[in-house]
Amino acid sequence: MKEHWSPSARWAGPRGRAFGVNDAGIVVGGSTTVPGQAFGQSGSHAFVWQAGVMRDLNDLGDAAPGWELIGALAINDDGYIVGRGLHDGDSHALLLTPLPQDDGSQTSDRSHPE
């Protein structure tokens, strides 16, 4: 199987999983960030993969204080992402809403978890 991306220094962990893909081919999932880390625990990060680029959802949009996004589980064709995160250390389900762009389109970047 051909790799479509290779981990950067940010994605140093050996484990990652894609959990969802929409009709536009945008993939979401989770990845460890350090070798030896358990998947889906604090320090794991939710990602979105689009057009050959993997991005950490913790780095996109306006971060709500106290949240660490540890896994993205599904994305619909409108760009809404459901996943799991930690808020002040407690595990919660979350919904990420797409942010409108200046040209009127939407991006899969996140806004405040709901």
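Each value in this text was obtained by applying a stated rule to the coordinates, not by laboratory testing. Note that the structure is a prediction, hence the values are computed from the model and not measured. Counting neighbours? That spans all protein chains shown, and the Cβs are built from the backbone with ideal geometry, glycine included.
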- Peptides 16-24, 42-50, 75-83 ordered by average Cβ neighbours within 10 Å, highest first: 42-50, 75-83, 16-24
- Item | Inter-label distance for residue 23 and residue 77, nm, one decimal - labels placed 7 Å from Cα along Cα-to-Cβ | 0.2
- Each label point is 7 Å from the Cα along the Cα-to-Cβ direction; what then is the distance between the points at residue 51 and residue 64, in nm? 2.8
